[in-house]
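Worksheet for the structure shown next.
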Amino acid sequence: MDLVNGFLNLVAPPFTFFTLLFFLPPWIFFKFSLSVLRSIFFTENISGKVVLITGASSGIGEHLAYEYASRGACLALSARRESRLREVANRCREIGSPDVIVVGSDVSKASDCKRLVDQTLDHFHRLDHLVNNAGIAQVCMLEDEDEITNLRPVMDTNFWGSVYMTKFAAPHLKNSKGRIIVLSSSASWIPMPRMSIYNASKAALAQFYETLRVEFGSDIGITIVTPGFIESELTQGKFLSHEGKMIVDYDARDVQVNLTPVGRVTGSARAIVRRAMRGDRYITEPKWMRMTYVWKVLWPEVVEWTYRLMCMTKVGGESRHDTLGKKILDITGAQNVLYPENIQSSEMKSD
């Protein structure tokens, strides 16, 4: 066994290098051509099909619901805030969805996920797309957390919520040859400080669904979405605090997002639905964020140093918010260029 591993240690690196050198360019051209052909000839007609969306009361989930509704899909919308969810449902009916049901649920509870799938099937008798969007974020240093179990809701919602939903929905998606669209994040590869549990939950999601591609084969399509910063409750400053409570803190938002452009949710949702309907395996919005994965692979030390400099280095004060990135943001007024109007306020408020 050691002899075989020794042989592979010698052979695998040059074999990989020459494979990339000679086969990567034609493979990229083939994938591009296939993408163009799918866009023209093989885009799924979602009209009349049933789409279940978690976390549909705000942000990306809300606007994904509007995009599906405008294409004539029937919708099952889920979130914890039922009153807000009903407003979204009414809007979906206005813009073209023939039938919408609202199911209040907490995806961190397996029983709620089963009830959500069961009610969807009882009403529509089928399921075509499952959109696992529900998620929450935490902002705190691991060493500052006195009670580490306060951060469990991040993994329970972001990861286990999607696992539960997929477990209960999978048999019905197989029957319809349906698709799962899962909202992971570019945070799955970017080492953003103060968001370690959130980053880990999104990385776990990506690997979970990569494995399910092998297990499901062609029975269920899987689209993994890895957005950067998009208009959402997260970019509006809503986080799980180290005390285990949901808070709104614009200063903390500015420390985390600082000089990264925030994408508009309407365009991102439109791109996600369009590309999921043509069968894309991966979607990153905005597209330039895909390059951060390349940077992380090729220059991990530089990426880590940059995040320490911009998000950890304190300048001109002792507050935890006095970081270089936020100082540049405040001094230059870059918010007005980098952030959409509705998230530019730096005033504190509660939710």
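How many of the residues in segment 127-178 are among the small types (G, A, S), modelled with pLDDT under 95 and farther than 26 Å from E231 by Cβ?
0
If the Cβ limit is 8 Å and pairs must be 6+ apart or interchain, which residue in segment 191-219 that is in contact (Cβ under 8 Å) with a residue 24 or more places away in the chain pairs with which residue that is among the acidic types (D, E)?
P191/E304
Among the listed residues R278, R264, identify the single one that is open to solvent by 30 Å² or more (accessible area, probe 1.4 Å) and closer than 16 Å to T223 by Cα.
None of the others qualify; the one that does is R278.
From L259, L240, grab the single residue that is at pLDDT below 95, in contact with a strand residue (DSSP E or B) (Cβ under 7 Å, 6 or more places away or on another chain) and under 18 Å from M192 (Cβ atoms).
L240
Looking only at segment 177-231, which residues are under 19 Å from D254 (Cα atoms), in a loop (DSSP other than H, G, I, E, B) and open to solvent by 30 Å² or more (accessible area, probe 1.4 Å)?
The answer is P191, R194, F229.
Any idea which of (1) in contact with a Leu (Cβ under 9 Å, 6 or more places away or on another chain); (2) open to solvent by 30 Å² or more (accessible area, probe 1.4 Å); (3) under 23 Å from I222 (Cα atoms) is the one P153 doesn't satisfy?
Of everything listed in (1) in contact with a Leu (Cβ under 9 Å, 6 or more places away or on another chain); (2) open to solvent by 30 Å² or more (accessible area, probe 1.4 Å); (3) under 23 Å from I222 (Cα atoms), P153 misses just condition (3).
Being in a helix (DSSP H, G or I), farther than 25 Å from T157 by Cβ, at pLDDT 90 or above and hydroxyl-bearing (S, T, Y) is the requirement here; does T292 meet it?
So T292 fails the test.
Quick check on E44: is it out of contact with any His (no Cβ under 8 Å at 6 or more places or on another chain), among the acidic types (D, E), surrounded by 11 or more Cβ atoms within 10 Å (Cβ to Cβ) and at pLDDT below 95?
yes
If you go through segment 144-189 one residue at a time, how many are acidic (D, E) and within 11 Å of V107 (Cβ to Cβ)?
1
Taking segment 66-122 on its own, how many of its residues are part of a helix (DSSP H, G or I), of a type outside the set (G, A, S) and open to solvent by 10 Å² or more (accessible area, probe 1.4 Å)?
Qualifying residue count, segment 66-122: 17.
Which condition number in (1) surrounded by fewer than 19 Cβ atoms within 10 Å (Cβ to Cβ); (2) in contact with a His (Cβ under 7 Å, 6 or more places away or on another chain) is the one that V255 fails?
Against the list (1) surrounded by fewer than 19 Cβ atoms within 10 Å (Cβ to Cβ); (2) in contact with a His (Cβ under 7 Å, 6 or more places away or on another chain), V255 comes up short only on (1).
Is segment 147-163 home to any residue that is part of a loop (DSSP other than H, G, I, E, B), among the acidic types (D, E) and within 22 Å of L77 (Cβ to Cβ)?
No; the residues of segment 147-163 include none that is part of a loop (DSSP other than H, G, I, E, B), among the acidic types (D, E) and within 22 Å of L77 (Cβ to Cβ).
So how many residues does segment 298-323 have that are open to solvent by less than 90 Å² (accessible area, probe 1.4 Å), of a type in the set (A, V, I, L, M, F, W, C) and without any contact (Cβ under 8 Å) to a residue 40 or more places away in the chain?
3
The values are calculated or read from the model by the stated rules, or taken from the named source; none is laboratory data. Note that this is a predicted model, so its numbers are computed, not measured. Note that each Cβ is placed from the backbone with ideal geometry, even for glycine, and that neighbours are counted across all protein chains shown. Ligands, DNA and RNA are stripped out before the accessible areas are found, and what is left, the full protein with its side chains, is counted by its heavy atoms. Shrake-Rupley method; radii C 1.70, N 1.55, O 1.52, S 1.80 Å.
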